[in-house]
Amino acid sequence: MRRNWFIFILIAALRFGWADVSRASPVWHWSNPLPHGNDIIEMAYYNGSVYQVCDAGQIYSSSDLSFWQSLNSHSTNSLQAVTVFGNRLVVVGENGAVTYSDDGYNFVATNLATTDWLVGVAASSNLVVAVGDNAAIYTSNDGATWKRQAAPPSVGGNWLLSVAYGGGMFVTVGERGYIATSANGTNWTYRNLSNTNDLNYVTWITTQNLTNGFPTNSFLAVGNSRAIVSTNLGAAWNTPMILNLTNSMYSAAGNESSRLLAGDATIRLGQSVSNAIVWREQTGSLLYNAPDWTYYSSLALPQTNTYALGGEAGLFAQSGNTNGNYLWNELGSSARDWLWSITTNSSLYVAVGDHARIMTRSDGVNWEIESINDTNSVNATNTVFFGVGGSTNLLVAVGSGGSLAVSTNNYYTVVTTNSDGSLSTNLVSSIGIVWLPLPAPTTNDLHGVGTLGSTYYISGGHGSIFSSGNGTSWVSRNSTVTTYLSSIETFSNTLVCVGDVGTILTSPDGVTWTKRTSGTTNWIYRVRNFNGQLIAVGENGTILTSSNATTWTARTSGTTSWLNDVQMVTNTYYIVGSLGTLLTSTNATTWTNTPIITDSSLYSAATMNGQLVTVGLEGIILRSQIIPDLTPPDILDFSTVDGQYTFLVEGDTDQSFTLDSTTNLINWTTGPAVNITDSDGSVLFQLDPGASPPTYQFFRATLTP
């Protein structure tokens, strides 16, 4: 009886307890690739979990290599290296960034007040050493307070790219084949090698097995087309065998029976076969090979004789080990085609990109890949869709070599089986889902898509502009220019078309075009209309605004990055661009550089139902619920499992709340923060009640930004 009353109070409290959820800046989540698309630059094993450090200050951890948790590093700098220092996890990165944690969850960030990139870090039992650009070497006795040391001898201006510790010795490697060793991180000895190819990474490998053909204790370094080994603490180095490496190698690892080298589109696994070391390529099309990709990090997983690999755009591969045969599996297997444009149509997002890729989703969370036939102007091998747009009746996708496809708003009857076995019949629209490839109207690349009234317009290379009343038959229009035209927008009863070399064209009918003065020679990549305010963005941080499509005013962006698209949600404008650029403004005049969770380029953005979605490099799809969902979640179930309180909560995707508690329904204690990330809106989590939990305890969930 006590348990039933307890659960009732939980549900009631959760329904009605929420706080002000206004947010100062967007909170971003990954929709594609999954679990994330950050470059995995290095990994470490700490307290039973694997940790990935990534660009844009992102850290992820997983205890099962399946579910990955995003952790707050309290830094937006690119994180480059990680090491375990006793019970402390230490991470270093761009512009002297340092963040550390003693529990693997809560991080403390500091900064070394330098512009030096720290790209390598290693630890002994009582010292941490970080290395980086401009021959930087920093040491710390606790991972929190650091001291810069003098540059090692004969280093010149070379970058130090990695550091490792083993056998009482630190070894650092870098550009032009530089190697130095030190027992204390302060006094270094230069080790001269004849090969001047860059060395990108060094690691210490210690094993107990004397029969695997590898030295039991050794440093292994890899670089541009090379791998070298030292068995005497870095004093002398040799090539383990002729690997015939032609690509850059960025990481290395080893276990009791093998060695692994990983890099640019190559993975080499070395094993002892008949008392000789044989190296085999692990990427390619063969079954159970790892994907052909760029890998920045590798990790020997303890007690399993298996490996994990992390690479560009969040690709993560794990090996199995069956009788010495390593079988690779990619986690997630997400589409990673570059996405160049996104639009909305009624209740559907539609994104297009490389390899004739078309992806759709109604809520911006889990995306579907739509099929399109290889016919007419479309071929999945070489077609790149650069633009998509249209109306509620017709969508048009255009791209390389004049490729063209349309999707119409037809309705089809779909019969589905319900969970109780009954049948449901629904009418489903085909728009955005079913695509018809058409003959190319030109051999020029096509990019812009727009409408004026019931007429559709497309634009592209060499000043191309075409119009159509039905999306099928297209008529060429004289734009009067030969520059690349990348975007078309409707403004009142006028068409506005922009492109390379500062081109701005306007037309009242899509037939007669007039060139306008832009005041710039930069490529104007995109133009959008927001309630009578035109905003155009482009090359070198270009931002132009206009209230009449004729006179344009340049705005200061504060960046030289390419700006690729602009959208508006409520009263705020959002511009996305190259290298993870995100600018925000409430007046289109003054712009603020705002952090985002990727350093990769973003090419297009769209909005629907208060949500902002942006797409870009290697399949990036990011979402942010700008207008928060204030619907309070429900506790569906509560139980005690292994002495832990276990809660099952249902809400809406991307909601966040704290689970607050009280014993008297008056004084509340703020509890742990919980994020709902599953597309079904549910989350299962546990709470430690402590050694002496109260007899009665009540909980509520308070919505947070």
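The values are calculated or read from the model by the stated rules, or taken from the named source; none is laboratory data. Computed from a predicted model, the values in this text were never measured in an experiment. Here the Cβ is made from the backbone with ideal geometry for all residues, glycine too, and neighbour counts use every protein chain on show.
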Can you pull out the residues in the stretch 407-428 that are within 24 Å of residue 349 (Cα to Cα) and outside any strand (DSSP E or B)?
409, 410
Taking the stretch 507-545 and keeping only residues that are within 35 Å of the chain's Cα centre (by Cα) and hydrophobic (A, V, I, L, M, F, W, C), one is left with 523, 524, 527, 530, 534, 535, 536, 537, 543, 544
Candidates 140, 154, 162, 125, filtered to the one that is touching a strand residue (DSSP E or B) at 6+ places or on another chain (Cβ under 9 Å), over 25 Å from residue 190 (Cβ atoms) and not acidic (Asp, Glu):
125
Is it fair to say residue 656 is more than 30 Å from residue 293 (Cα to Cα), without any contact (Cβ under 8 Å) to a residue 40 or more places away in the chain and under 26 Å from the mean Cα position of the chain (by Cα)?
no
I need the full set of residues from the stretch 296-317 which are under 15 Å from the mean Cα position of the chain (by Cα) and not small (Gly, Ala, Ser), in order please.
296, 312, 315, 316
Look through the stretch 666-680, keep the residues that are within 15 Å of residue 31 (Cβ to Cβ) and assigned to a loop (DSSP other than H, G, I, E, B), and return whichever of them is modelled with the highest pLDDT.
676
Yes/no for residue 447 being at pLDDT 95 or above, within 23 Å of residue 351 (Cβ to Cβ) and not aliphatic (A, V, I, L, M):
yes
Report, by residue number, each residue of the stretch 561-572 that is within 19 Å of residue 486 (Cβ to Cβ) and among the β-branched types (Val, Ile, Thr).
566
Name the pairs: first residue in the stretch 557-583 and farther than 11 Å from residue 594 by Cβ, second residue in a loop (DSSP other than H, G, I, E, B) and of a type in the set (Phe, Trp, Tyr), Cβ to Cβ under 6 Å, at least 6 apart or on different chains?
557/591; 577/562; 578/562
Checking residue 587 against (1) part of a strand (DSSP E or B); (2) of a type in the set (S, T, N, Q); (3) over 15 Å from residue 30 (Cβ atoms), only one condition comes out false. Which one?
(1)
What tally of residues in the stretch 60-87 results from selecting those that are farther than 29 Å from residue 333 by Cα and surrounded by fewer than 19 Cβ atoms within 10 Å (Cβ to Cβ)?
4
Within the stretch 547-567, tally of residues that are in a strand (DSSP E or B), aliphatic (A, V, I, L, M) and either in contact with a helix residue (DSSP H, G or I) (Cβ under 9 Å, 6 or more places away or on another chain) or crowded, with 19+ Cβ neighbours inside 10 Å (or both)
2
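Suppose the filter is modelled with pLDDT under 85, surrounded by 14 or more Cβ atoms within 10 Å (Cβ to Cβ) and among the acidic types (Asp, Glu); does residue 652 pass it? Spell out the reasoning first.
Working: modelled with pLDDT under 85: yes; surrounded by 14 or more Cβ atoms within 10 Å (Cβ to Cβ): yes; among the acidic types (Asp, Glu): yes.
So residue 652 passes the test.
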Just to confirm my filter: which strands (runs of 3 or more DSSP E) fall fully inside the stretch 289-342 and include at least 1 residues that are surrounded by fewer than 16 Cβ atoms within 10 Å (Cβ to Cβ) and modelled with pLDDT under 90?
316-322, 325-330
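Just for the stretch 234-257: of the residues that are under 21 Å from residue 300 (Cα atoms) and over 31 Å from the mean Cα position of the chain (by Cα), which one is surrounded by the fewest Cβ atoms within 10 Å (Cβ to Cβ)?
256
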Need pairs with beta-carbon distance below 8 Å; first residue free of Cβ contacts under 8 Å to residues at least 60 places away in the same chain and within the stretch 382-395, second of a type in the set (Lys, Arg); sequence gap 6+ or separate chains.
385/357
Which is crowded, with 19+ Cβ neighbours inside 10 Å, under 23 Å from residue 350 (Cβ atoms) and at pLDDT below 95, of 458, 431, 488?
431
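Can you tell me which residues in the stretch 602-625 are assigned to a loop (DSSP other than H, G, I, E, B) and closer than 10 Å to residue 364 by Cβ?
The initial filter retains those residues of the stretch 602-625 that are assigned to a loop (DSSP other than H, G, I, E, B), namely 609-610, 620.
609 - this is the single residue of the stretch 602-625 that is assigned to a loop (DSSP other than H, G, I, E, B) and closer than 10 Å to residue 364 by Cβ.
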Filter the stretch 669-696 down to the residues that are in contact (Cβ under 8 Å) with a residue 40 or more places away in the chain and over 30 Å from residue 368 (Cα atoms) and list them by number.
686, 687, 688, 689, 696
